[in-house]
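Working notes for the structure below.
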């Protein structure tokens, strides 16, 4: 173990208790009231400057040491998911239908741990902003904090974040320059016929048949309209319509998602989707409307900061390597990386013995953050600060 991992070992019992308390009391996007109060009170107890209500329920705590002018932002997300937890843990969610199924409880605890470590060591010269963000799960909490003046009020030369990654072994980490997570778009297409008796299909455009044609056509867009050297995914995830076996419905709804890394590819897919919808509507005699939302851009690491993130991971005792490819999942830290240089790291938390059911993936009803990853996360955050804001040798 490195000195940093050894140095944070005594913090772990309290942090595990805190993490499990957060797990038992999960809160949804922009409703992280208990969590933000706990975070703010904890950071104030450390003597940090604390600002609350940023972007809704966001918290920023600031630690200054020495006379250095440099500054760094470290971000953790706080929100949970609308999932019924089935883990059976003694500290399982007390709020039915809300579950920390993505490990944000672990991210929050780790960033608090990093603050505790840095307060007592002060082995840096400059300013650290600890950014506790609401509403990462599809609601754009990072963008809300930025609109609320995050980087004007708390200037950051660079900004970093991590996410626990069950697919990587405990004690390992990966990131890469350029895209690390995908842009996420959502589409909802309403197909309107006139409706009528199923025994007389000739009297009404068939919205269900039109939906069937549409789904088949949509699934050709990436395969036939996008350069094979590019990466993209279009998935139809919901078809809804009809209520009786002998009635042709008036309306059918088709919903799905698009994931991509290149803005030009993103533009091409949306344009072709609209063309396909218009063509199928015309050929089936139905009327179709489209609601197309680009809710998260691609998460793109700046080159120098990606190298910094990997170097800090090695200092922290992690087996760090360049990620071979980006993931098609999305992340609203993307907005912060559009505003400031920085990088996003995958932190391995895979268990050596995951049990009979195997390693549960993110967003699983029984998912739980691996507390054994806490010291690595704390050590990485601390190594970033100590590397980028080196203590004065005068």
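Values in this text are rule-based calculations from the coordinates and carry no lab data. None of the values given here were measured: they were computed from a predicted structure. As a convention, Cβ positions derive from the backbone with ideal geometry for all residues, glycine included, and neighbour counts pool all protein chains shown.
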Practice item. Evaluate E = 1/(1 + (r/R0)^6) for residue 283 and residue 14, where r is the Cβ-Cβ distance and R0 equals 51 Å; express this FRET efficiency to the nearest 0.05. Key: 0.20
Practice item. Please provide three numbers in whole Å: the alpha-carbon extents of segment 166-262 along the principal axes, with the largest listed first. Key: 62, 32, 15
Practice item. Round to the nearest 10 and give me the degree value, 0 to 90, for the angle of helix 374-388's Cα axis relative to the longest principal axis of the chain. Key: 70 degrees
Point to revise | Over the chain: helical MRE at 222 nm, DSSP H runs n ≥ 4 each giving -39500 (n - 2.57), nearest 500 | key: -10500 deg cm²/dmol
Study note, to complete from the structure: Of every Cα-Cα pair in segment 192-351, the percentage lying beyond 26 Å is 47 percent
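Provide the packing ranking of 124-135, 335-346, i.e. peptides ordered by the mean count of other C-beta atoms within 10 Å per residue, highest first.
Result, highest mean first: 124-135, 335-346.
How big is the C-alpha Rg of segment 1-45 next to the rule-of-thumb value 2.2 N^0.38 Å, as a ratio?
That works out to 1.43 for segment 1-45.
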Check your understanding: Could you put 89, 38, 162, 248 in order, starting from the residue whose Cβ has the fewest other Cβ atoms within 10 Å?
Key -> 89, 38, 248, 162
Exercise for review: Kindly rank 280-286, 298-304, 379-385 from highest to lowest mean number of other beta carbons found within 10 Å of each residue.
Suggested key: 379-385, 298-304, 280-286
Check your understanding: Of (1) 120; (2) 154; (3) 168, which one was derived for volume of the Cα convex hull per residue in Å³ from the structure shown?
Key -> (2)
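Please arrange 41, 79 by how many other C-beta atoms lie within 10 Å of their C-beta, fewest to most.
41, 79
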Review point. Using 13 Å as the cut-off for backbone N distance, which residues of segment 51-86 belong to the label zone defined by a point 7 Å from the Cα of residue 392 along Cα→Cβ?
Key: 65-70
Exercise for review: Treating the angle as unsigned and between 0 and 90°, give the value, to the nearest 10°, between the Cα long axis of helix 12-24 and the longest Cα principal axis of the chain.
Suggested key: 30 degrees
Check your understanding: In degrees from 0 to 90, rounded to the nearest 10, what is the angle of the helix 303-315 Cα long axis to the longest principal axis of the chain?
Key -> 50 degrees
